Amino acid sequence: VSVEFVHRLRFTRGALETQNPLLAETIAAGGPGPGRLMAFVDSGVAAEWPDLAARLEAYAAAHEGSIDLACAAIEVPGGERAKNDHSIFESAAAEIDRARICRQSYVLVIGGGAVLDAIGFAAATVHRGVRLIRMPTTTLAQADGGLGVKNGVNAFGKKNLLGTFAVPWAVINDGAFLETLSDRDFRCGFSEVVKVALLKDARLFMEMASRARRVAARDASAAASLLRRSAELHFDHIVSGGDPFELRASRPLDFGHWSAHKLEQMSDFEIRHGEAVAIGVALDVVHSALLGWLAWPAAESILSCLEHLGFRLWCEELLETSTLLEGLQEFREHLGGELTITLLRGIGEPRDVHELDGALVRSAVERLSQRAGAGPAAAAG
Ligand SMILES: NC(=O)c1ccc[n+]([C@@H]2O[C@H](COP(=O)([O-])OP(=O)(O)OC[C@H]3O[C@@H](n4cnc5c(N)ncnc54)[C@H](O)[C@@H]3O)[C@@H](O)[C@H]2O)c1
Ligand SMILES: [Zn+2]
């Protein structure tokens, strides 16, 4: 069986301003006549952009040749709750059915990565898949989480246990949304920028490191090109990397994620994905240095970059190192096949390994504890 997909990524500003043709064109690309469309909006976005539903209605009216708006935009609780509370994707599925969205119609979802994942799961399963247009509204979702071909919800205490691979109709990154993010959520996407730079682009890492303090101070011009480059690297990996549906055991974009996913869970999702990724990357960077692979000055520059961005490279959950190490097994099960973890030989030089030495993980935890001044209890752990 061989199937061809088109994966579209577009960058714009003010996607719902009536004179911006992008969304209408994206829908018009699906065939003649207006495309039926319904929209879901993250409650965190709706709170900051109270006229979003009205804007969408005005937009659809101005582009009635391309868009047939099925109903008013529907609000979805934002954040990880969207993936933990299964009534949310179930009621989204019911709404998609009620709006008579078919396989040739569109679900537009505007929100952070969690809402994109939950609504994406509903859209991918109603009628076995209707067309999904994502408008990611966080730095993390615009740089990383919103660009891929995965969706899902958390189940039975595990992240993303239920979900599908489904290529969205389009992803539209609208930079204007980032202005209303909290500092905490604005920061979150940059751990993924650091991650992808460490894997694929040493120059991007240098730029990220040199601008980290400006990004932390919410300098939009310093941030924009970093996010865009990260998005492009991520997107290219999916489109040209040869394994969009992750059939192989290796998942290089998941550098730092075996522990990140576990830490999120262990903290009951108090730690955001981007924050957990910063810690997970730091842990595997130190691990790579302890192995004698990554030079210590390079490791130091990565840790400093993350700190300058404002990340704390420590959390109490790290002290439960045995539980943390269970994350390795869960990661293997999630991917299938042999355990494959990416470490670094240098900046921009990833290397897969098939086992991690628990003693080295513990030493890496200890280093992070000392660095964060987490105190004698932490050091003893
Ligand atoms: N499918 C994938 O391939 C993939 C990849 C990476 C991450 N993810 C998932 O993405 C999720 C994390 O997403 P996230 O970091 O975008 O955070 P998030 O979706 O949890 O959103 C964080 C908070 O920001 C609010 N918010 C969103 N946009 C806003 C805006 N423009 N203005 C004001 N508030 C806004 C939300 O309501 C929420 O409270 C995790 O569940 C992670 O597993 C998925
Ligand atoms: Zn991630």
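Within region 181-220, restricting attention to residues that are of a type in the set (Asp, Glu) and part of a helix (DSSP H, G or I), the residue that is farthest from ILE279 (Cα to Cα) is GLU207.
For region 336-372, the tally of residues that are in a helix (DSSP H, G or I), surrounded by fewer than 17 Cβ atoms within 10 Å (Cβ to Cβ) and among the aliphatic types (A, V, I, L, M) stands at 2.
Residue-wise test of (1) within 16 Å of GLU355 (Cα to Cα); (2) touching a strand residue (DSSP E or B) at 6+ places or on another chain (Cβ under 6 Å).
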| site | (1), (2) |
| --- | --- |
| ILE279 | no, no |
| LEU283 | yes, no |
| SER288 | yes, yes |
| TRP296 | no, no |
| SER301 | no, no |
| ARG312 | no, no |
| GLU316 | no, no |
| GLU320 | no, no |
| LEU335 | yes, no |
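Is it true that ALA47 is over 12 Å from LEU108 (Cβ atoms) and within 16 Å of ligand 1 (Cβ to nearest atom)? For ALA47, the condition - over 12 Å from LEU108 (Cβ atoms) and within 16 Å of ligand 1 (Cβ to nearest atom) - is met.
Take region 262-301 and flag every residue that is among the acidic types (Asp, Glu) and touching a residue at least 60 places away in the same chain (Cβ under 8 Å). Break it down into steps so the answer makes sense when it comes.
Filtering region 262-301 for residues among the acidic types (Asp, Glu) gives 264, 268, 270, 275, 284, 300.
Passing the criteria: GLU264, GLU275, ASP284.
Considering region 153-168, and only residues there that are surrounded by 16 or more Cβ atoms within 10 Å (Cβ to Cβ) and farther than 18 Å from HIS7 by Cβ, the residue that is farthest from ligand 2 (Cβ to nearest atom) turns out to be LEU162. The residue of region 124-152 that is farthest from the chain's Cα centre (by Cα), among those that are away from ligand 2 (no atom under 16 Å from the Cβ) and part of a strand (DSSP E or B), is ARG131. Would you pick out the residues in region 212-242 that are in contact with a helix residue (DSSP H, G or I) (Cβ under 8 Å, 6 or more places away or on another chain) and among the β-branched types (Val, Ile, Thr)? Once the filter is applied, which keeps residues that are in contact with a helix residue (DSSP H, G or I) (Cβ under 8 Å, 6 or more places away or on another chain) and among the β-branched types (Val, Ile, Thr), region 212-242 yields only VAL215. Among the numbered conditions (1) within 12 Å of ligand 1 (Cβ to nearest atom); (2) over 13 Å from LEU198 (Cβ atoms); (3) at pLDDT 95 or above, the only one that PHE269 does not meet is (3).
A quick yes/no check of all residues on (1) touching a Cys at 6+ places or on another chain (Cβ under 6 Å); (2) outside any loop (DSSP other than H, G, I, E, B); (3) within 17 Å of GLY189 (Cβ to Cβ):
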residue: ARG229; (1), (2), (3): no, yes, yes
residue: PHE235; (1), (2), (3): no, yes, yes
residue: PHE245; (1), (2), (3): no, no, no
residue: ALA249; (1), (2), (3): no, no, no
residue: SER259; (1), (2), (3): no, yes, no
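Reported count of residues in region 242-266, each being hydrophobic (A, V, I, L, M, F, W, C), more than 14 Å from ligand 1 (Cβ to nearest atom) and over 29 Å from LEU319 (Cα atoms), is 1. Among the residues examined, ALA39 qualifies as touching a helix residue (DSSP H, G or I) at 6+ places or on another chain (Cβ under 9 Å), among the small types (Gly, Ala, Ser), within 16 Å of ligand 1 (Cβ to nearest atom) and under 28 Å from ALA220 (Cα atoms).
Of the residues making up region 22-50, those that are in a loop (DSSP other than H, G, I, E, B), touching a residue at least 40 places away in the same chain (Cβ under 8 Å) and surrounded by 15 or more Cβ atoms within 10 Å (Cβ to Cβ) number 2. So which of ARG131, ARG103, ARG184, ARG98 is crowded, with 20+ Cβ neighbours inside 10 Å and either basic (Lys, Arg) or within 9 Å of ligand 1 (Cβ to nearest atom) (or both)? Checking each option against the conditions leaves just ARG131. Of all the listed residues (VAL171, VAL193, VAL115, VAL149), the sole one being closer than 22 Å to SER91 by Cα and either within 9 Å of ligand 1 (Cβ to nearest atom) or buried (at least 17 other Cβ atoms within 10 Å of the Cβ) (or both) is VAL115.
The values are calculated or read from the model by the stated rules, or taken from the named source; none is laboratory data. Note that this is a predicted model, so its numbers are computed, not measured. Neighbour counts run over all protein chains shown; Cβ positions are idealised from the backbone, glycine included.
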